Amino acid sequence: MPSAQKPMRYGHTEGHTDVCFDDTGSCIVTCGSDGDVRIWENLDDDDPKSINVGEKAYSCALKNGRLITAISNNTVQVHTFPEGAPDGILTRFTTNANHVIFNGDGTKIAAGSSDFMIKVVEVSDSSKQKTFRGHDAPVLSLSFDPQDVYLASSSCDGSVRVWKIADQTCTTNWPLLQKCNDVINAKSICRLGWQPGSGKLLAIPVDRVVKLYRRETWDSQFDLSDAFITQPLNVVAWSPSGKYLAAGSVNGSIVVWNVETQECIERMKHEKNYSVCGLAWHPKYNQIAYTDTEGNLGLLEHIGDGKKPHDKAASAVTKDYNDLFDGEDDDYLNGDIEPQSSPKPGADEDDDDDIMPTSGHLRRTVVDDDDNSLDIGMIKANSNLLENKDDNDDQTGGFPALPPTSTQQPFYDGPMPTPKQKPFQSGSTPAHLMHRFMVWNSVGIIRCYNDEQDNAIDVEFHDTSIHHATHLPNSLNHTMADLSAEAILLACESTEDLASKLHCIHFGSWDANKEWTVDMPKDEDIEAICLGQGWAACATSALLVRVFTVGGVQKEIFSLPGPVVSMAGHGEQLMVIYHRGTGFDGDQCLGVQLMELGKKKKQILHGDPLSLTRRSYLVWVGFSAEGTPCYVDSEGIVRMLNRGLGNTWIPVCNMREHCKGKSDHYWVVGIHENPQQLRCIPCKGARFPPTLPRPAVAILSFKLPYCQVTTEKGQMEEQYWRSLVFHNHVDYLSKNGYELDENAKSQALKEQQELLMKLFALSCKLEREFRCMELADLMTQNVVNLAIKYASRSRRLNLAQRLSEMAIDKASELAAAEEEEEEEEDFQKHLNAGYSNSPTEWGQPPVRNVQQEQEMEDAEESDGSEEEEETPEVHKQKPNPFSKNVTSAEVPLPKSIVITSGSQGRVNPFKVSPNKKEPVVPSANVLDSMTKQSKKTSWASSQAANKQNPPVIKPLIPKPKSKQTLAASFFQPRTSTSSAKSVEEREEKAGNESQEVKVTAQKNTENRRPKTGFQMWLEENRAKILADNPDLDEAEVIKEGMSRFRVLSSEERMAWTEKAKGGTGNDLAEDKKRKRPAADDEDEVKNKQEQKSEDSNLPKKSKPLDQSTNVRLSAFAFKQS
């Protein structure tokens, strides 16, 4: 029975229409620009049911009782079918969707929109969405692979892409269509379709032919064409069996081919030659419903009857397919859902004809090289295969157990290469747009207008004092631009008769000729350009970077290892990003070169790999206003060069966190480090802003991706390191001879140290003393003193002791560093670095080591860690030399440890004796004093202001112990009784330190400090000792006194100590009153003593700790115990 064409029915107002069958083929569903969906029982239905879905309906799809429509309010909606009740919104775009389709089993829909996005959404849970980005213009149409592995799309940017649904990557990309800027201007809506069942071929209407591409190899198999077609084809649709392919053209021709034989079996002409924009096959019969752009519906019946040799076989296959796909084929019929069981021809994206990727159950298709080998047996076999696809997963490495055909090829199942990203200018929008930004940076904005009336360029400066706004003609069709405070740089690609040109307008020039142009050599195209201070550069297709002065003198040329992606310039720095190689599985493989083009030309980054987020590409590259290289990838991660960590890249912001919707983005226009600002334009549902209305710039804050930033600790760590990273530029600029604002630098340092101090206090509270030490290691020396004070007040004596050792280290390092600067040429300094840096001391034996050891041990004894004489070298309990000075101690406490006999061994130094008075601990928050920088940290403040380095003895022992209790503090009256050991130590020490002892002894009497038992004993027995040994000097007298005092029984020693305490108790109130002055006096003592020791040429000069602080704090050790 020959095919019949029924007269058409008027269905909708004029405009784009779409058509599909329901699952069983019992009715035809159409939608149109009147916003109605009509349900026709057949073509003769005089009263079709109508559902209004919106103002305009662009596309509809139907499956499993759900009707999906793309409507003019930019949403994709669901209605129940056939009732027509609204059932929610599946997804939204920023402009209208142009095409919606169901996948094979009706679980997912795909929608393509004019905002260049494609989304795949699960029907049951619309929150599960995948977005496919890559098209540079509105998406025209989509088609799901019947096996649900791939998605094909066509776009106004002229490309047809195949996407892998699982990982949202573009598998291949063919530039087949004519470019245009909107769907209404498109020559064809290019409704493409996969062959049902195996998905072996993908049919794409290109001009007047249908191109068929082979799945996996993505190469073109053959073209279907016919002389009957005189205008471009708009839409294709596969029969449910996959045997026939129908195509409709823009002048109303409909042609049907038998794909196997490639012969045309039907030709039909629209009665009024209107453009056919919707085609759908009936799921069971050989009928085609079609609609045109004037809103009419038509039907073709009995397609191919009389021309089909294998009637039975074909109907059997049709049945197989219907069973297999549950009659879902009407969706592809409607032309919206491209045949779900349509084969997908391949795409030869990277010319890898021999690479045939497959994954999952795709592997099951057998590739036949012979174009006409699609026989019914194979289709049947494939359909069975698909039905049992879960069972035979393990057959012979995933291949179907089919008799191999003669031309069968093995499949490539490895990772697929990623298409290389095209070169771009940072801060520009796509070149195919009629109105676009050529560049938007921190200097100004360059816009390009290219429409019927005008081809021109507008330049506008943020600061009009640099230059006034300018309007330039664009006769050469410049596509690239950059802007600096001294020039405008433009470049155009070559045409058949013109070379690629670089054009510079140097408005900062003082002479009259401000413009120059350079032609590139033949066949060399400029792909990226940038401006720096006094220079311009361009990268070309010949893998060269050419540098020019801003006045037009050609300078250096160097080769790039791969095709350029983008360039940026700032001051003397030039950064070039290029393709280092081919990326796989959606990753780009980029390299970065960073050069300095100043007087000393050097390369900083030598083509290091550029870190990008997985499956992302580069979208912006440039410098912060302060000159630090930065870049942004398509996932919204902003990275900055961390010069403080060997030129590594650190992520400083995730812009996706600031976006409200999934399809919203921020378009970067500038980065500032001080103040910390990321300047960008919010783009709703798009990657870039339109030129009109003028976009508003938003400011985002930076945040380093540290862990647990919701906690106080994480937050302060993040702030500290961010402050550090964002002030690296200060050192870089000062090295490169820029003038810097010292204020800002010291402000940053203060902020960092405050954060460290807060972290320190927090760790103290949490009793994490090791962590406190690690934090103190990051502090400057004067802040360490503050930390010592805090530790003492928090009664963390062990910590304070260790911190004091660290402070001595820091002081000596500082002093050493400064001396190195002063005495770089001093030969002896190098020889003698171990002991001393002053030439007079060269060759002196390191006497101080011994002394220091003893001083340290002495300090330990003062903390009341009583130890047996037999174990002098073991220090179990580190003292706290930083507690407050005894003079200023609020309560001169009685010794809390009573040693009953020397043989009793070690006694608990923290045991509280009943007569101990409660120590007075300041209740105010220690951190309060931090910002006030009270006199207590007098050294700290004077240190910061005057950068003085008072001398201190550099400890040379591997792990220096504290040196706080020098002879000065040694002679203060102790509240602790000395153990036998400590007396011994004192003796040895006194011998080595006669000088200091004398000074401090005098000083101490002046200061009216309370006396220790030993001192009182010594005063009484001095005459006796001198009588026995008339020739002893002062130090030896003390030494002799010590040895005699040690011989006394512990009871006698206690008696003396008690006597000493009795004398001092009355002074308590007075002590409290003069706590500060006493401490200051002691400063003098220390300084004099230090001066003295310096004269003796023994010590190495270095920075001491804040003596007043140390001395004041040292009282804590004694008080607590």
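Applying both filters, DSSP loop and at most 10 other Cβ atoms within 10 Å, to the trypsin sites (Lys or Arg not before Pro) of the stretch 635-730 gives 660. The simple spin-label model puts a point 7 Å past each Cα toward its Cβ; for residue 543 and residue 1016 those points are separated by 9.2 nm. For residue 636, the shell of other residues with beta-carbons less than 9 Å away shows a net charge of -2, using +1 for Lys and Arg and -1 for Asp and Glu. Couplings 3J(HN,Hα) of the stretch 40-57, computed from phi: 9, 5, 7, 5, 8, 5, 7, 10, x, 5, 10, 10, 8, 10, x, 6, 9, 10 Hz, in residue order, whole Hz [Karplus 6.51 cos²θ - 1.76 cosθ + 1.60, θ = phi - 60°; x for Gly and Pro].
Can you tell me the order of 126-134, 512-520 when each peptide is scored by its average per-residue count of other Cβ atoms within 10 angstrom, highest first?
Details: 126-134: 15.7, 512-520: 13.8.
By packing density, highest mean first, the sequence is 126-134, 512-520.
Distances between placed amide hydrogens fall under 5 Å for residue 527 paired with 539, 540, 541, all partners being 5 or more residues away or on another chain.
Under 12 Å from a label point set 7 Å out along the Cα-to-Cβ vector of residue 64, the amide N atoms of the stretch 122-147 belong to 122-126. Would any residue of the stretch 179-198 have its amide N under 17 Å from a label point 7 Å out along Cα→Cβ of residue 14? List them or say none. Counting only backbone N, you get 184-185.
Provide the gained length on full extension for the span residue 603 to residue 230, in nm with one decimal, where the gain is 0.36 nm per separating residue minus the Cα-Cα distance.
Working it through step by step, the gained length comes to 128.3 nm.
In this calculation the C-beta distance from residue 770 to residue 711 is compared with R0 = 22 Å, giving a FRET efficiency of 0.70. A simple packing score, the average count of other Cβ atoms within 10 Å per residue, orders the peptides 236-242, 470-476 as 236-242, 470-476, with the highest score first.
The protection proxy used here, the mean number of other Cβ atoms lying within 10 Å of each residue, ranks peptides 178-187, 775-784 as follows, highest first: 775-784, 178-187. Straightening the chain between residue 696 and residue 672 buys 6.9 nm, computed as 0.36 nm per residue apart minus the Cα-Cα spacing.
For the stretch 635-786, the fraction of 1.4 Å probe accessible surface lying on carbon and sulfur atoms is 53 percent. In this structure, the amide hydrogen of residue 234, modeled 1.01 Å from its nitrogen in the peptide plane, lies closer than 5 angstrom to those of 248, 249, 250, counting only residues at least 5 positions away or on a different chain. Under the simplified labelling scheme, the residue 251-residue 749 pair shows an inter-label distance of 8.2 nm, with each label point 7 Å from Cα along Cα→Cβ.
Need the full-extension length gain, residue 1052 to residue 271, defined as separation in residues times 0.36 nm minus the C-alpha distance. One decimal, nm. All intermediate terms of the calculation are to be shown ahead of the outcome.
Numbers: separation 781, 0.36 × 781 = 281.16 nm, distance 12.97 nm.
Contour length minus Cα-Cα distance gives 268.2 nm.
On the beta carbon distance between residue 302 and residue 127, with R0 = 51 Å, the FRET formula returns roughly 0.65. A Förster distance of 56 Å, applied to the separation of the beta-carbon atoms of residue 723 and residue 1043, puts the FRET efficiency at 0.50.
The values are calculated or read from the model by the stated rules, or taken from the named source; none is laboratory data. None of the values given here were measured: they were computed from a predicted structure. FYI the Cβ positions are ideal-geometry reconstructions off the backbone, even for glycines, and counts take in every protein chain you see. Note: accessible area is taken over every heavy atom of the protein model, side chains too, but ligands, DNA and RNA are not part of it. Shrake-Rupley method; radii C 1.70, N 1.55, O 1.52, S 1.80 Å.
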